[in-house]
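For reference, the structure is listed below as structure tokens.
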Amino acid sequence: MRKFFLIICLVIFAHSLAAEETMSLELARTLALANSRSLAKHKLSIRNSILDEKTSLYAMLPTISAGYRASMSYLERDWGFVNPVDTFYSGLDLEITQKIFEGGKTFIYRHLSKISTESARIDALAEYFNVLDSVDSAYYTVLEAAASLEAEESSLINSRANLAIAEIRRDSGMLNPGDYLRALAENEMRENSRNTARRNLALSYTRFRSLTGITKTPELEKINFFTYEDLIKHLAGISDEAADELYDILWEIYVKSNPSLTRSALNRQRAEKNLSIARRDYAPVITATIISGDILSYSTANGLSSTTRGGISIRGIIPLDFWVMNNKIEKSKNAVESSTLDYISAKIDLETDLHSALLNILSFSGSVIYSRLSVEYSEKHYEYIEERYRLSQSSITDLNEASTLLINARNSNIRAMYGFLQSLSRLRSLGIVEDEEKLINILLGA
């Protein structure tokens, strides 16, 4: 109850913080974890697995049962009628049964229940990082959409200013109708791009609110990219040999912690244990039963009495339907082979995912550096062409081309920065590395 109360307090506190005007990434993660119904279901699955584990433990203990019986007679052996009340009898007995030998299957079932519990925990851990990955992606998508909208609005402002200059020149006869129509077309295109950016921002907020469970639309705290500057520069300039070494380092870590690979390994263990159980079906099952009869009885003739009458019985069962057991063993062998193939597939998938995530973060790191320079040069180029346009030394075509170059450079830089963050989040989820600083140190240490 104390844990439950603490969780409720944390959720209430998180939602109260969510009502503020701004929201941090850490708060968004807290809200998403508290709002995730899939994660809650995984927690229930863990509880059920723990209960199943206890059940397997109880199966190793003796089975205790108590019985009660009562009887009355209305006929004697000579077929004479008697008063049933005079023949009333009731008794209570106790029976204890313990399995002595069954080929060790009980211990294997116990181990299987532990595997199921561990598998449920792995599934919950994977879902935990899946939720973190989803909310990080939604958070970055909102910031990326907001940055794109800001870039489009800046471009629209420039386009409107240039259109105003074009109108003045047209009225004074210094601009031909074709160039004026080009300026109009450029302005309408920027209007449309701005409206599309607004729609994308609204859609990204919808996804973000759904994950965090909030109803309002808060302003999200921007990411301080300066904290990633050393990592970006390091990964942008990494050599192919160093990249291969980095992959090997990550593989050593991820092959031990990746949830999908761990789950596949547990499934293979489960299949092997089931095969062992199937093979032990040939073993006899021996049980011992202690019976204590009429430990407490009552009859109309003798009243209430107790006895110590009892006995011990031992029973052994040897299965003879070998064809059924052989069929079960063959199916269990097939399950082991199938689980082995699943493990190999999971390992190949991890190799592919790790290669992809690593190549992405290396690519985006380089893109951040080069797109940043591209924005810098494009801004200077636009300022130069714009000044020449004001002095009637450049055409509207030159200005539109410079404007397009600038907006494309800005959008490329925005995609590169948030693509880098998405790739870093993906690497964290693949290896179940909750501490981002630890992952950064691993990447910098290559």
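Taken together, the values in this text are just the output of simple stated rules run on the coordinates, not laboratory data. This structure is a prediction, so every number in the text was calculated from the model and none was measured. For neighbour counting, all protein chains shown are included, and Cβ atoms are generated from backbone atoms with ideal geometry for every residue, glycine included.
Relative to one another, the C-alpha centroids of the range 215-240 and the range 163-207 are positioned 32 Å apart.
Structure note, pairs K41/K256; K273/K328; K43/K114; K41/K105: Cα-Cα distances above 20 angstrom occur for K41/K256; K41/K105.
By other beta-carbon atoms within 10 Å, ranking Y418, Y89 with the fewest at the front produces Y89, Y418. Per-residue extension of 0.36 nm, minus the Cα-Cα distance of S257 and N327, leaves a gain of 21.6 nm for this segment.
Its DSSP H runs of at least 4 residues, each contributing -39,500 (n - 2.57), put the calculated 222 nm mean residue ellipticity of the chain at -25500 deg cm²/dmol, to the nearest 500.
Given a Förster distance of 56 Å, report the FRET efficiency between Q393 and D230 from their Cβ-Cβ distance, rounded to the nearest 0.05. Kindly include the intermediate steps, with their values, before the conclusion.
Working: r = 43 Å, r/R0 = 0.77.
Here the calculated transfer efficiency is 0.80.
Given axes a ≥ b ≥ c from the Cα gyration tensor, I'd like to know whether the chain is rounded (a/c under 1.5), prolate (a/b larger than b/c) or oblate. Please list the in-between numbers first.
On the way: a/c = 4.22, a/b = 2.71, b/c = 1.56.
Here the chain falls in the prolate category.
How would the range 136-249 be classified by its alpha-carbon gyration tensor: rounded, prolate or oblate, with rounded meaning a/c under 1.5 and the a/b versus b/c comparison settling the rest?
Numbers: a/c = 3.61, a/b = 1.70, b/c = 2.13.
Oblate.
Helix screen, the chain: DSSP H segments with Cα axial length of 20 Å or more and mean Kyte-Doolittle hydropathy at least 0.5 are 2-18. For the range 246-290 versus the range 329-386, the spacing of their alpha-carbon centroids is 31 Å.
Of the residues A151, A283, A265, the one that moves most in a GNM of the chain with alpha-carbon contacts below 10 Å is A283. Rounded to 0.05, the FRET efficiency of the I317 and Y68 pair, given R0 = 41 Å and the Cβ-Cβ distance, is 0.90.
Here the simple spin-label model places points 7 Å from the Cα toward Cβ, and for I290 and K114 these points are separated by 2.9 nm.
To the nearest 0.05, how large is the calculated FRET efficiency for A283 and A40 if R₀ is 45 Å and r is the Cβ-Cβ distance? Intermediate values should be presented prior to the final figure.
Details: r = 42 Å, r/R0 = 0.94.
Taking R0 as 45 Å, the efficiency between A283 and A40 is 0.60.
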